[in-house]
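The values are calculated or read from the model by the stated rules, or taken from the named source; none is laboratory data. Owing to the predicted nature of the structure, the values given are computational and were not obtained by experimental measurement. All Cβ positions, even for glycine, are placed from backbone atoms using ideal geometry, and neighbour counts span all protein chains on display.
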Amino acid sequence: MSRSRRWPWFVLPLALLAALALLVTRGGLLSTLSRGVPPAEELTVERARLTPGHITLTIVNGGPDPVTVAQVMVDEAFWRFTMTPDRTVPRLGRATIDIPYPWIVGEPHQVKLVSASGITFDHEIAVATETPQADAASLLAFTLVGLYVGVLPVAIGLLWLPFLRRLERRWIHFALALTAGLLIFLVVDALHEALETAELVAGAFQGTGVVAIAVLGMWLTLQVVSGAKRSKGEEGREERLRLAFLIALGIGLHNLGEGLAIGAAYAQGAVTLGAFLIVGFMLHNTTEGLGIVAPIAQDQPRLGLLALAGLLAGGPTIVGAWLGGLAYSPLLGALCLGIGAGAILQVIGVLGRLVGRETGGALWTPLNALGVATGLVVMYGTGLLVAR
Amino acid sequence: MSKGKVSRREALRRGLWGAAGLASVGSVARAATLGIHTDPHTVMTGGLPQGAGIDPTAFLTAFDYGETSRRPDGQRVREYRLTATDRKIEVMPGLYYDAWTFNGQVPGPTLRATEGDLVRVHFTNAGLHEHSIHFHGFHAANMDGVFEQVPPGSSYVYEFEARPFGLQLYHCHTMPIKRHIAKGLYGAFIIDPKTPRPAAHEMVMVMNGFDVNYDVENEVYAVNTVPFAYQARPIVLRRGALNRIYLANLLEFDLINSIHIHGNFFHVYRTGTSLVPAEFTDTISMGQGERHILEFTYDRPGTFMFHAHQSEFAELGWMGLFEVRDEGVTA
């Protein structure tokens, strides 16, 4: 068959599909199927902003049909509210509800939206506290949070480089295996958090699907990128440096999600970033710095390159904290956590290949296995300090 | 962040607003130093709904005396017509509820007879479900509305002598009863004593509520169906004149309801079955199906609140206002 004849055969099923869709929607088939039962309505409160005397909700309609908000209750009392752009939220649409309400600092509040058909949607403000605004003061606060829990710990971890350089080769492999252990722990943790966050995403946006796309999309991207470079036949040294940067990037993307979660929790008053928590995050993330320098321990990387890798790994925490504190949504959270998980997953594979090649195929020496296990246990131990 | 916001929060922190101010940070506190607001909740809910099925103000004083005739022996006969229909009513602005109604309204019409009258109620079920009418009072077993269920499209005639005098009820008695009552099939039934009570400004108040999301809890509370109705349109009373409220509690799901009137006390005639008041109080609690007649007179002009003293019910709709005016003042 000639090339010119190809496309009609591609279009034919599509045309038939369109005709069928038209028949279903216009041909009265729907009225038979719907049986006159009202559709299930679904509204999700994506974000609650608290300013003095006001509660402002961002809501999303994740259901099959438009939903009209008729009344709003706060703490079991009907309350005045204004809604923009409209009382009726279209499918996949967003709206903002402003409620002038004398909320009380440090106490929980219950908000209930009542739709025109009487369906109610609950949202709990766990601890009422003023939501940070996008001003210099709060940007600085979030920057400091990112600095404390991301940038500085990673930078400190990088300082293990001189120590690693003085180690025997098998102990360097142990350090690399330990890095893999750290990363495996992070992947599991990130996936769990991503899927948990996905539960909060409005139904139609399919949070779980978003996580799958983010994880595999990132993994595939990095596979293609790192694979393309390797085919050019690099020196071992360059390859190890590349791996260090890949690890830094993976950790950085993970820290973006982590910063997002911390920023959001901080903004919503769900956590108090006490000294204990900050110190915990520092310990937890310092080990990430170790992971970056482990592959290049035998080399003499320039200080500038090291700093860059550190920034790549720690810096996104700051960006994440900004986003989380000022513009958090569960969808964004699930997406970022998924991307982080995908990136780390890819890095683990690369690490395994590197150690495998350097050890001439004898990857699973007792020492390497111990390294992976130690990495997992170290992350678990430091994770105890940041339980939130 | 604007300077104004900071200074206001600063003022709060220093306690300049006092306890009252702290309880109402925001628009209310911003409005005025003394915070005079006559109807905060009607502002909050957006006024009165257009499609409630009743006019709450008209319902207060609407009495259905039936079609009257005389039997050969001289007994007065009163014939009423009640039809059960399914109707979507707008309970609050924009909030719709699939109600079951008597004559298209919730509560059903207030039936009124005098003790000793022969009451004949022609009931037609035009709804989609089985219904019945159960009257409180003395009557034969087959007039009780429990065993004689009326299928959709059918009719039944209830006949009995109006006894005893007092404030009685009628409501559907089909299983599941809770749902049949909650959906709106109820009304007040006044039996006047043969010697009438003293002349007064009489009002019917049926305390009710709506479980709009069917979770077996009320989301909406009211007297006479429409939340905050008498806050949007206060009930006008004359200073010095006797007022009489026929108050019935037809709230489902919540075990108890109450009324409290401000700036005054009332005499309570429990179930309306005595002409001697049982109590002089300003707050009375009532279980499901309880009803009383309250009498009171305001000696001062002004606006006075009345509401359930379950504050939760009050803020979910069960509150209203009396506007006491001097004789001759109409506006």
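Of the set (1) farther than 20 Å from B:VAL77 by Cβ; (2) under 26 Å from the mean Cα position of the chain (by Cα); (3) buried (at least 20 other Cβ atoms within 10 Å of the Cβ), all apply to B:TYR170 but (1).
Listed residues B:GLU161, B:GLU202; which is over 22 Å from B:ILE256 (Cα atoms), under 21 Å from the mean Cα position of the chain (by Cα) and surrounded by fewer than 24 Cβ atoms within 10 Å (Cβ to Cβ)? Show your work before the answer.
Numbers: B:GLU161 fails: under 21 Å from the mean Cα position of the chain (by Cα).
Going through B:GLU161, B:GLU202 in turn, the sole match is B:GLU202.
Scanning the range A:139-171 for residues that are part of a helix (DSSP H, G or I), surrounded by 18 or more Cβ atoms within 10 Å (Cβ to Cβ) and of a type outside the set (A, V, I, L, M) returns A:PHE142, A:GLY146, A:TYR148, A:GLY150, A:PRO153, A:GLY157. Within the range B:290-308, the presence of at least one residue that is buried (at least 19 other Cβ atoms within 10 Å of the Cβ) and either without any contact (Cβ under 8 Å) to a residue 24 or more places away in the chain or within 14 Å of chain A (Cβ to nearest Cβ) (or both) is confirmed. Restricting attention to the range B:184-218, the residues being closer than 25 Å to B:ILE261 by Cα and within 14 Å of chain A (Cβ to nearest Cβ) number 3. Scanning the range A:42-59 for residues that are acidic (Asp, Glu) and either over 18 Å from A:TYR328 (Cβ atoms) or modelled with pLDDT of 90 or more (or both) gives a single hit, A:GLU42.
Only one of A:VAL201, A:VAL225 is free of Cβ contacts under 8 Å to residues at least 60 places away in the same chain and either in contact with a strand residue (DSSP E or B) (Cβ under 6 Å, 6 or more places away or on another chain) or of a type in the set (Val, Ile, Thr) (or both). Can you tell me which?
On the way: A:VAL201 fails: free of Cβ contacts under 8 Å to residues at least 60 places away in the same chain.
On inspection, the qualifying residue turns out to be A:VAL225.
Within the range B:252-267, identify whether any single residue is crowded, with 16+ Cβ neighbours inside 10 Å, closer than 16 Å to B:GLU202 by Cβ, free of Cβ contacts under 8 Å to residues at least 60 places away in the same chain and in contact with a Pro (Cβ under 7 Å, 6 or more places away or on another chain), and answer yes or no. Checked against the condition, which is being crowded, with 16+ Cβ neighbours inside 10 Å, closer than 16 Å to B:GLU202 by Cβ, free of Cβ contacts under 8 Å to residues at least 60 places away in the same chain and in contact with a Pro (Cβ under 7 Å, 6 or more places away or on another chain), the range B:252-267 yields at least one hit.
Of A:ILE262, A:ILE292, which residue is modelled with pLDDT of 85 or more and crowded, with 22+ Cβ neighbours inside 10 Å? Even if it seems obvious, please write down each step before you answer.
Details: A:ILE262 fails: modelled with pLDDT of 85 or more.
Only one candidate passes the filter, namely A:ILE292.
Of all the numbered requirements in (1) assigned to a loop (DSSP other than H, G, I, E, B); (2) within 14 Å of chain B (Cβ to nearest Cβ); (3) over 22 Å from the mean Cα position of the chain (by Cα); (4) surrounded by fewer than 20 Cβ atoms within 10 Å (Cβ to Cβ), A:ARG91 misses one, and that requirement is (2).
Report yes if some residue within the range B:147-161 is within 14 Å of chain A (Cβ to nearest Cβ) and under 16 Å from B:LEU82 (Cα atoms); otherwise report no. Show your work before the answer.
Our first condition is that a residue be within 14 Å of chain A (Cβ to nearest Cβ); within the range B:147-161, this holds for none.
Within the range B:147-161, not a single residue is within 14 Å of chain A (Cβ to nearest Cβ) and under 16 Å from B:LEU82 (Cα atoms).
The set of residues in the range A:119-147 that are under 17 Å from A:MET73 (Cβ atoms), within 9 Å of chain B (Cβ to nearest Cβ) and in contact with a strand residue (DSSP E or B) (Cβ under 6 Å, 6 or more places away or on another chain) contains only A:THR120.
Please specify each residue of the range A:68-88 satisfying the condition of being charged (D, E, K, R), without any contact (Cβ under 8 Å) to a residue 24 or more places away in the chain and at the interface with another protein chain (Cβ under 8 Å from one of its Cβ atoms).
Going residue by residue through the range A:68-88, those that are charged (D, E, K, R) are A:75-76, A:80, A:86-87.
Then keep just the ones that are without any contact (Cβ under 8 Å) to a residue 24 or more places away in the chain; that gives A:80, A:86-87.
A:ARG80, A:ARG87 - these are the residues of the range A:68-88 that are charged (D, E, K, R), without any contact (Cβ under 8 Å) to a residue 24 or more places away in the chain and at the interface with another protein chain (Cβ under 8 Å from one of its Cβ atoms).
Report yes if B:MET175 is touching a strand residue (DSSP E or B) at 6+ places or on another chain (Cβ under 7 Å) and among the aliphatic types (A, V, I, L, M), otherwise no. So B:MET175 does not fit the description; no. Number of residues in the range B:279-322 that are within 16 Å of B:ASN249 (Cα to Cα) and among the acidic types (Asp, Glu) equals 1. Looking across the range A:354-372 at every residue that is touching a residue at least 24 places away in the same chain (Cβ under 8 Å) and outside any helix (DSSP H, G or I), the one that is nearest to A:ARG237 (Cα to Cα) is identified as A:THR359. For A:ILE104, the criteria (1) of a type outside the set (Gly, Ala, Ser); (2) more than 23 Å from the chain's Cα centre (by Cα); (3) assigned to a strand (DSSP E or B) hold in every case but one, which is (3).
Against the list (1) surrounded by fewer than 18 Cβ atoms within 10 Å (Cβ to Cβ); (2) closer than 23 Å to B:MET92 by Cβ; (3) more than 13 Å from chain B (Cβ to nearest Cβ), the condition A:ASP98 fails is (3).
Consider the range B:219-228 and keep the residues that are in contact with a Pro (Cβ under 8 Å, 6 or more places away or on another chain) and within 13 Å of another protein chain (Cβ to nearest Cβ). The one that is farthest from B:VAL91 (Cα to Cα) is B:TYR221.
Checking A:ASP65 against (1) more than 9 Å from every other protein chain (Cβ to nearest Cβ); (2) in a strand (DSSP E or B), which test does it fail? Going through the list (1) more than 9 Å from every other protein chain (Cβ to nearest Cβ); (2) in a strand (DSSP E or B), A:ASP65 breaks only (2). Filtering the range A:102-117 for residues that are surrounded by 18 or more Cβ atoms within 10 Å (Cβ to Cβ), touching a Lys or Arg at 6+ places or on another chain (Cβ under 6 Å) and within 12 Å of chain B (Cβ to nearest Cβ) leaves an empty set.
Being hydrophobic (A, V, I, L, M, F, W, C) and more than 28 Å from A:THR382 (Cβ to Cβ) is the filter here; which residues of the range A:185-216 pass it?
Here is the first cut: in the range A:185-216, the ones hydrophobic (A, V, I, L, M, F, W, C) are A:185-188, A:190-191, A:194-195, A:198, A:200-202, A:204-205, A:210-216.
A:VAL201, A:ALA202, A:ALA204, A:PHE205, A:VAL210, A:ALA212, A:ILE213, A:LEU216 - these are the residues of the range A:185-216 that are hydrophobic (A, V, I, L, M, F, W, C) and more than 28 Å from A:THR382 (Cβ to Cβ).
Would you tally the residues in the range B:49-74 being among the aliphatic types (A, V, I, L, M) and in a loop (DSSP other than H, G, I, E, B)? Step through it out loud before you land on a result.
If we filter the range B:49-74 for residues that are among the aliphatic types (A, V, I, L, M), which is where we start, we get B:52, B:54, B:58, B:60, B:62.
Keeping just the survivors that are in a loop (DSSP other than H, G, I, E, B) gives B:52, B:54, B:62.
Looking only at that region, the number is 3.
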